[in-house]
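The values are calculated or read from the model by the stated rules, or taken from the named source; none is laboratory data. Please read all numbers here as calculations on a predicted model, not as lab measurements. Quick reminder, even Gly has a Cβ in these numbers, built from the backbone with ideal geometry, and neighbours come from all protein chains shown. Side chains included, ligands, DNA and RNA excluded: accessible areas come from the protein's heavy atoms. Shrake-Rupley method; radii C 1.70, N 1.55, O 1.52, S 1.80 Å.
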Amino acid sequence: MTEPILSITDLQMYFPVMKTGLRTVKTGDVKAVDGISLDVMQGETLGLVGESGCGKSTAGRAAIRLLNPTGGKIVFEGQDITNASRRELRPLRTRMQMVFQDPYSSLNPRHTVGRIIAAPFEIQGVKPEGGIKKAVQELMERVGLNPEHYNRYPNEFSGGQRQRIGVARSIALRPSFIVLDEPVSALDVSIQAQVVNLLDDIQKEFKLSYLFVAHDLSVVRHISDRVAVMYLGHIMEITDRDTLYAAPQHPYTQALLSAVPLPDPIAESQRERILLQGDLPSPINPPSGCVFRTRCVFAQDLCAVDMPELREVAPGHKIACHFPQISLQKQIEIRRPHSDQPMPPSSIQVDRPQTSGPASGRDFVGE
Amino acid sequence: MSYLEVKDLRVAFPTDDGLVQAVDGVSFNIERGKTLGIVGESGSGKSVTSLAIMSLLNRKHAIISGEVIIEGKNLITADEETVRSYRGHEMAMIFQDPMSSLHPFFSVGDQVAEAYKVHNDVSDEKAFDHAIQMLDRVGIPEPAKRASDFPHQFSGGMRQRAMIAMALCNDPSLLIADEPTTALDVTVQAQILSLIKDVQKEFNSAVIVITHDLGVVAEVADDVMVMYAGRVVERGTVNDIFYRPEMPYTVGLLSSAPRLDQVSDRLIPIEGQPPSLLRLPAGCSFAPRCFAKSHVNGDACDTTMPELLQTRPGHDVRCHLESSARISVAKQRLAGEN
Ligand SMILES: Nc1ncnc2c1ncn2[C@@H]1O[C@H](COP(=O)(O)OP(=O)(O)OP(=O)(O)O)[C@@H](O)[C@H]1O
Ligand SMILES: Nc1ncnc2c1ncn2[C@@H]1O[C@H](COP(=O)(O)OP(=O)(O)OP(=O)(O)O)[C@@H](O)[C@H]1O
Ligand code: SF4
Ligand SMILES: [Mg+2]
Ligand SMILES: [Mg+2]
């Protein structure tokens with residue numbers, strides 16, 4: 001068994017909601033992350049998916065202590081960093097890094113690319129062999145940028161190139177762990193693939209572990225070893241990637257996967273979609289019990305009372321649901337361009353899950 | 001005759017750095033009851049094309065030529081009065097960001113009612129009732145109550161529904177949706193796409209959906225037009241584009257996108273990046289990134305812009321390579337061999 005490089009237990013991150021007036025008073029909390037537990041293993045990529053506002057970025061930022069968590073425990077490379085001070089964290093910053101979502105706002109427009117990529121060396125007081133400029137140019141080369149563009153400014157680069165700059169900066173100090181927050185979401189498909197391949201390559205080369213935060217389920221399938229699905233501050237399901245896409249058991253995961261349109265018109269027209277009703281509830285006032293119950297077609301009375309625990313339903317497969325749904329596989333032939341025969345049936349879950357009562361494994365019967 | 005005919009549409013913006021030819025000779029037809037999908041990289045001219053159709057471009061800043069014919073009337077040469085009577089009534093548009101088209105200080109119901117009153121001489125009350133009906137129609141829960149809410153009190157998905165209600169309140173025959181779901185989550189996207197399909201059936205409208213998501217195109221479109229650097233590079237039925245693509249850029253798009261239903265070891269990107277519209281390559285605009293170029297004899301790709309030519313009935317491709325060679329290159333590419 002490999003060791004986790006990062007281990008999170010019951011992590012909570014609340015943001016106070018303030019009402020300003022004569023006196024500013026706190027009226028509640030945004031429960032952005034409300035008790036999540038997960039491990040990131042050495043050398044693996046853990047995908048963290050979920051809809052906008054479910055707390056993915058907050059979880060990623062809290063995990064490497066860019067935020068001060070409200071509760072829970074974070075262990076990084078064997079060291080408890082939950083309450084580590086800025087000073088204690090500083091040496092660790094060489095080991096853990098972050099790449100941000102927006103390639104436009106995450107780079108200082110008034111700094112040259114050379115200066116942006118060199119920043120980690122300067123902040124940490126690290127003197128690379130052969131000097132900073134040489135190190136930076138090597139990094140630029142490594143991520144597919146022209147080292148001669150050392151003195152250019154971010155606005156002279158395209159979105160894909162800016163994301164490469166962010167990646168170069170993040171690997172400057174040879175970290176062991178990187179939180180990638182939607183690193184390719186803002187890019188066109190053809191460019192997205194370039195950056196995904198780069199991330200794949202440097203992961204192998206530098207033996208990196210990734211927490212890959214994204215809402216695009218296709219990209220996450222490609223890049224992840226395991227995947228965690230979040231909803232309203234909670235983890236709903238976590239398992240290896242093949243199981244998650246082929247045999248998800250949480251009703252939310254099933255709805256999420258069925259909502260992604262496939263670039264395959266015939267398969268698309270044969271597919272049945274699970275349409276979720278309504279919108280995401282507010283994280284200030286989340287539903288009682290299971291937070292997904294207001295949109296779940298399988299919800300029963302118990303769901304409003306008891307918050308389901310994240311529990312193991314098969315080795316390495318955990319879900320948080322009172323009524324796990326074993327999905328029925330409807331075989332759909334996938335057609336590829338210019339392939340004379342249809343491809344073997346798709347492995348993704350495409351049909352409505354079984355509706356005939358709770359599946360096995362439920363933990364309350366006839367009470 | 002088609003409901004909408006666009007012929008040789010060109011739009012250029014004079015800028016300090018030179019002339020930006022954003023749309024360069026775009027032609028297509030669309031019937032009522034059909035959906036045309038427009039795909040292409042960021043900056044390829046998708047939005048400018050739709051703004052030109054809606055006559056929403058400022059003529060002081062844009063040089064526009066060509067024809068946009070709706071029911072025999074060319075809107076490019078029509079006066080502002082005529083265009084205004086068409087807009088909203090005959091054709092309507094929904095945008096990616098609903099916040100930018102909803103006014104923050106008026107209630108959602110008032111704004112839908114206002115849009116209705118532009119083309120209907122009715123009392124405020126009648127218009128508001130109609131607005132409530134429309135909000136109900138697009139799936140806003142408790143529409144009578146929610147109609148007096150302000151846009152910021154709506155979620156992103158509800159705002160997009162409100163926009164659709166506004167666009168549909170005069171029963172337009174043409175609906176243009178520019179990235180209608182890009183800002184939304186997939187579960188909400190699924191709701192909105194199914195709503196667009198439903199209203200299309202109900203109103204028998206012609207619909208243009210602009211998106212960069214190939215899955216969305218596969219789901220909603222009957223016909224597809226692929227744009228690159230201001231030009232149409234391939235167009236055909238949705239099955240032509242997804243199962244028999246020929247233009248190397250289309251093939252590149254399909255092979256670079258990771259798929260939900262399959263695991264691949266490695267993605268196959270298109271190298272490089274789209275050209276600047278200020279410095280377009282002399283020949284084929286895709287040539288600097290093209291993986292099929294080496295199969296073309298001579299230097300045609302770098303010197304001459306290929307024409308958009310029919311490869312089979314209803315399926316047009318812009319590429320110097322011959323059809324059979326295009327298909328064999330496409331096969332290799334999709335199998336990860338080049
Ligand atoms: N600094 C903050 N102060 C107050 N609320 C915050 C703060 N940061 C995040 N939130 C709230 O916490 C919740 C989770 O936000 P977060 O950015 O983590 O979501 P996300 O899953 O990354 O969403 P997206 O996909 O849109 O990036 C949201 O309701 C957000 O408004
Ligand atoms: N008012 C303007 N002045 C100058 N250039 C413009 C103007 N409007 C658009 N352009 C340019 O025209 C080109 C096409 O823009 P358009 O908005 O149509 O792209 P798009 O295909 O819709 O891209 P996206 O997917 O990013 O929305 C771009 O290069 C853009 O910078
Ligand atoms: S014309 Fe040449 S460069 Fe353009 S797509 Fe065809 S082969 Fe490629
Ligand atoms: Mg985020
Ligand atoms: Mg656009």
Counting only strands (runs of 3 or more DSSP E) entirely within segment B:181-251, those with at least 3 residues that are under 19 Å from B:Ser2 (Cβ atoms) and more than 10 Å from chain A (Cβ to nearest Cβ) are B:206-210, B:231-237
I need a count of the residues in segment B:293-338 that are under 27 Å from the mean Cα position of the chain (by Cα) and of a type in the set (Gly, Ala, Ser).
3
May I ask you to list pairs of residues, at least six apart or on different chains, whose Cβ atoms are under 7 Å apart, with the first in segment A:78-103 being under 18 Å from A:Pro120 (Cα atoms) and outside any strand (DSSP E or B) and the second being within 16 Å of ligand 4 (Cβ to nearest atom) and open to solvent by less than 70 Å² (accessible area, probe 1.4 Å)?
A:Phe100/A:Ser106; A:Phe100/A:Gly166; A:Phe100/A:Asp181; A:Pro103/A:Gln163; A:Pro103/A:Gly166; A:Pro103/A:Ala186
Give the residues of segment B:219-258 that are touching a residue at least 60 places away in the same chain (Cβ under 8 Å), of a type in the set (Ser, Thr, Tyr) and open to solvent by 10 Å² or more (accessible area, probe 1.4 Å), sorted by residue number.
B:Thr237, B:Ser255
Of the criteria (1) away from chain B (no Cβ under 14 Å); (2) in contact (Cβ under 8 Å) with a residue 24 or more places away in the chain; (3) part of a loop (DSSP other than H, G, I, E, B), which one A:Lys318 fails:
(3)
Output for segment B:302-312, where each listed residue is of a type in the set (D, E, K, R) and either in contact (Cβ under 8 Å) with a residue 12 or more places away in the chain or buried (at least 21 other Cβ atoms within 10 Å of the Cβ) (or both)
B:Asp302, B:Arg312
Qualifying position, being free of Cβ contacts under 8 Å to residues at least 12 places away in the same chain, within 25 Å of the chain's Cα centre (by Cα) and on the phi < 0 side of the Ramachandran plot, among A:Lys204, A:Lys134
A:Lys204
Filter result (at pLDDT below 95 and within 16 Å of ligand 3 (Cβ to nearest atom)) within segment B:19-74
B:Gly40, B:Glu41, B:Ser44
Among the numbered conditions (1) more than 10 Å from ligand 2 (Cβ to nearest atom); (2) surrounded by fewer than 17 Cβ atoms within 10 Å (Cβ to Cβ); (3) over 27 Å from B:Ala218 (Cβ atoms), tell me where B:Arg32 comes up short.
(3)
Of everything in segment B:139-161, what is crowded, with 20+ Cβ neighbours inside 10 Å, in contact with a Lys or Arg (Cβ under 9 Å, 6 or more places away or on another chain) and within 14 Å of another protein chain (Cβ to nearest Cβ)? Give them in sequence order.
B:Ile140, B:Phe154, B:Met158
Run down B:Asp265, B:Asp302 and say which single residue is away from ligand 2 (no atom under 16 Å from the Cβ) and assigned to a helix (DSSP H, G or I).
B:Asp302
Filter segment B:37-57 down to the residues that are open to solvent by 10 Å² or more (accessible area, probe 1.4 Å) and out of contact with any strand residue (DSSP E or B) (no Cβ under 6 Å at 6 or more places or on another chain) and list them by number.
B:Ser42, B:Gly43, B:Leu51, B:Ser55, B:Leu56, B:Leu57
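For a quick check of your reading: which helices (runs of 4 or more DSSP H) sit entirely within segment A:205-282 and have at least 3 residues that are over 21 Å from A:Leu38 (Cα atoms), at pLDDT below 95 and of a type outside the set (Gly, Ala, Ser)?
Numbers: elements: A:217-223, A:241-246, A:251-259, A:265-270.
Qualifying helices (runs of 4 or more DSSP H): A:265-270.
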For B:Ala257, work out the one condition from (1) under 22 Å from B:Asn29 (Cα atoms); (2) of a type in the set (Gly, Ala, Ser); (3) within 16 Å of ligand 2 (Cβ to nearest atom); (4) within 7 Å of chain A (Cβ to nearest Cβ) it doesn't fulfil.
(1)
Being surrounded by 14 or more Cβ atoms within 10 Å (Cβ to Cβ) and among the charged types (D, E, K, R) is the filter here; which residues of segment B:313-338 pass it?
B:Asp316, B:Arg318, B:Arg326, B:Lys331, B:Arg333
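Is it the case, given these coordinates, that A:Leu173 is in a loop (DSSP other than H, G, I, E, B), modelled with pLDDT of 90 or more and away from chain B (no Cβ under 14 Å)?
yes
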Name the single residue that is nearest to the other protein chains (Cβ to nearest Cβ) among those in segment A:36-68 being more than 16 Å from ligand 4 (Cβ to nearest atom) and open to solvent by 30 Å² or more (accessible area, probe 1.4 Å).
A:Gly43
Verdict on A:Val229 being outside the structural domain of A:Ala214 (by TED's automatic domain parsing), β-branched (Val, Ile, Thr) and surrounded by fewer than 23 Cβ atoms within 10 Å (Cβ to Cβ):
no
Conditions (1) within 16 Å of ligand 5 (Cβ to nearest atom); (2) within 18 Å of B:Ala206 (Cβ to Cβ) -> B:Phe13 fails only (2)
Would you pick out the residues in segment B:265-301 that are open to solvent by 50 Å² or more (accessible area, probe 1.4 Å), over 16 Å from B:Val23 (Cα atoms) and not aliphatic (A, V, I, L, M)?
B:Asp265, B:Arg266, B:Glu271, B:Gln273, B:Pro288, B:Lys293, B:Ser294, B:His295, B:Asn297, B:Gly298, B:Asp299
